[in-house]
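The values are calculated or read from the model by the stated rules, or taken from the named source; none is laboratory data. No experiment lies behind these values; they were computed from the predicted model shown. Here the Cβ positions follow ideal geometry from the backbone for every residue, glycine too, while neighbour counts run over all protein chains shown. These accessible areas exclude ligands, DNA and RNA; they are computed on the full protein's heavy atoms, side chains included. Shrake-Rupley method; radii C 1.70, N 1.55, O 1.52, S 1.80 Å.
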Amino acid sequence: MRKAIIWSGIAFAAAMLPAIAHAANPGFDVDQATRAYLDVLQGPARAKSDAYFEGGYWLTLWSALVAIASYLALLPTGLSARFRDWSERLVKRRWLQTALYAVPFTLVSTLIALPWTIYTGYFREKQYGLMNQSFIAWFGEQAIGLAIGILINMALLTALFAVIRRFRRTWWIWGAGTMIVFALFGALIGPVFIAPLFNKYTELPNGPVRDRIVAMARSNNIPAEHVYLFDASKQTKRISANVSGLGPTIRISLNDNLLNRTAPDEIAAVMGHEMGHYVLNHVTKMIAMFAVILLILFGIVYRAGPAMIRRHGARWQVRGIADPAATPVLALMAAVAALVLTPVLNTIIRVNESEADAFGLNVAREPDGFAKIAMRLSEYRKIEPGPIEEALFFDHPSGATRVRMSMQWKKDHVPGAAMVKPDLKLDQ
């Protein structure tokens, strides 16, 4: 009986902890503490932050339209059919014809969109002070990306059209599966073979920052033998970290901007967030969610693609859905779907990011560090959107949402939590 009473008391105390913590900090006003951080960003700096991010709303639309236009240009001009005819003259094997078709398809569609890519990827970033590269250096990396894209498209289109030819009635199911296999393979090899083509990855040097990160990782059973630092400062001023890879290649990396531009409590907050992605298995969960979306999309393409080709195929010289020359049709429908599904995809990502935020606060226990990082991200994210705006356009919680979460965590978990005047200089 005595043990039962003791355990009942423990259970009651555990249930009451949030209320006790809340009552322990009656003078801590979450709204006021949140506003103190948000008001750090004022005047021209806030206008610049808002203008950059709000411009991205239109970039999403225009980027989709440019992609659609580039694919459409390949159909009525007969270019897509010419690429197919060229590959058929060179080789007889159908799978190799598809692989060869992918080369001019990728090159020409990229060249059509190149002026837009240069504006959005280089000049606009330079205009807002986020770009550290020269144009030549930036263009060189684009060329590397193009080469990788050609190789990926060669393999992907070969596999996809082989599936379409082999499974006439169920290719949409096998096609979605093929895309998932490629996504899994890309996630597996990306950190080891692709990311190092753009940045140098080294072990984070020994010291207090590494010791803190390793301690946080070990406390949550996260492999901590390797913590990677990469030189993003050669490209951008953005601070970031990430979890990448799959299975044996999963790793947590932080960029040198985060290491050099922020304080230890901020770094701990960010790395706690990234550890949340690892512990909560977000990489695998995201792939599973996108697998469902892909299956639905392929089902739509299965119905709409052949109908479009029956109507326009003779003029485009496209023989059918199994013809590699139909690739722009598939890509066109994918671009339209991606645009329409933008709010859905944003919400899926944003929910995962919010879960990682909550985990990071619990493991790092640095609410003010987390709030400061949220404010620093205003360099390229609007700090205080409306609720509908955030739901539609944000793939991460907004700065205001994150600051409020951190201040609520501070009130609930920090005994004697005190209001602070943020000593934070934002580099705008």
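The trypsin sites (Lys or Arg not before Pro) of the stretch 157-251 that meet both conditions, a loop assignment by DSSP and at most 15 other Cβ atoms within 10 Å of the site Cβ, are ARG168, ARG169, LYS200.
For the stretch 217-312, GluC sites (Glu not before Pro) meeting the loop criterion (DSSP other than H, G, I, E, B) and having at most 10 other Cβ atoms within 10 Å: GLU225. Angle of helix 327-340 to the longest C-alpha principal axis of the chain, folded into 0 to 90 degrees and rounded to 10: 30°. Taking label positions 7 Å along the Cα-Cβ direction at both ARG311 and LEU146, the computed distance is 3.4 nm, reported to one decimal. At 7 Å along the Cα-to-beta-carbon direction for both THR347 and LEU392, put a label point, then send me their distance in nm to one decimal. About 1.4 nm, to one decimal.
Let me know the shape class of the stretch 99-233, please: from the alpha-carbon gyration tensor, a ≥ b ≥ c as square roots of the eigenvalues, rounded when a/c is under 1.5, otherwise prolate if a/b is greater than b/c, or oblate. Judged from the Cα gyration tensor, the stretch 99-233 comes out oblate (a/c at least 1.5, b/c at or above a/b).
Each residue of the stretch 80-94 was assigned a 3J(HN,Hα) from its phi angle through the Karplus curve 6.51 cos²θ - 1.76 cosθ + 1.60 (θ = phi - 60°); the sequence is 4, 5, 5, 4, 5, 4, 4, 5, 5, 6, 7, 9, 9, 6, 5 Hz, with glycine and proline shown as x.
Working note: Cα atoms of the stretch 352-408, range along each principal axis, descending, whole Å: 30, 21, 18. The angle between the Cα long axis of helix 208-219 and the longest principal axis of the Cα atoms of the chain comes to about 80 degrees, rounded to the nearest 10. Here the chain is treated as a Stokes sphere of Kirkwood radius computed over C-alpha pairs; at 37 °C and 0.692 mPa s its diffusion coefficient rounds to 134 µm²/s.
In the chain, taking the dipole from charged Cβ atoms about the Cα centre, the farthest positive-side position among ALA326, LEU254, ALA358 is held by ALA326.
Any idea what angle helix 282-316 forms with the longest principal axis of the chain, computed on alpha-carbon atoms, 0 to 90 degrees, nearest 10? With both axes taken from Cα atoms, the answer is about 30 degrees. Farthest toward the positive end of the dipole of the stretch 18-129, out of TRP86, SER70, GLY43, is the Cα of TRP86, where the dipole comes from beta carbon charges about the Cα centre. What the pair-distance distribution of the stretch 167-253 shows, using all Cα-Cα distances binned every 5 Å from zero, is 3, 11, 18, 19, 16, 12, 8, 5, 4, 3, 1, 0 percent. Over the chain, accessible surface divided per residue gives 50 Å², non-protein components excluded, 1.4 Å probe.
Which value at 222 nm does the chain reach when only helices count, each DSSP H run of 4 or more adding -39,500 (n - 2.57), with the total divided by all residues and rounded to the nearest 500 deg cm²/dmol? Don't skip to the end; give the middle numbers.
Values: 17 runs with 294 residues, N = 428.
About -23000 deg cm²/dmol.
Take the stretch 230-378, drop everything but the C-alpha atoms, weight them equally and run the Debye formula without solvent; then report log10 I(q)/I(0) at 0.08, 0.18 Å⁻¹ to two decimals. Values, matching the q order: -0.37, -1.03. My understanding is that a pair violates if its Cα-Cα distance is over 22 Å; which of LYS237/LYS410; LYS234/LYS285; LYS126/LYS372; LYS237/LYS425; LYS126/LYS382; LYS200/LYS237 do that in this structure? Over 22 Å apart, Cα to Cα: LYS237/LYS410; LYS234/LYS285; LYS126/LYS372. Taking each pair of distinct Cα atoms in the stretch 207-268 once, what is the resulting Kirkwood hydrodynamic radius in Å? Kirkwood hydrodynamic radius for the stretch 207-268: 12.3 Å. Size descriptors for the stretch 287-334 (Cα atoms only): Rg and Dmax, in that order, 11.9, 39 Å.
Go through the stretch 351-428 and name the trypsin sites (Lys or Arg not before Pro) that are in a DSSP coil and have 11 or fewer other Cβ atoms within 10 Å of their Cβ.
Details: sites: ARG365, LYS372, ARG376, ARG381, LYS382, ARG402, ARG404, LYS410, LYS411, LYS425; in loops: ARG365, ARG381, LYS382, LYS425.
When the trypsin sites (Lys or Arg not before Pro) of the stretch 351-428 are filtered for loop state and at most 11 Cβ neighbours within 10 Å, LYS425 remain.
Relative to the current alpha-carbon distance between GLU203 and PHE139, full extension at 0.36 nm per residue lengthens the span by 20.2 nm.
For the stretch 69-136, what log10 I(q)/I(0) values come out of the Debye formula at q = 0.21, 0.23, 0.29 1/Å, with one point per alpha carbon and no solvent? With no solvent term, the Cα-only Debye profile gives -0.83, -0.91, -1.17.
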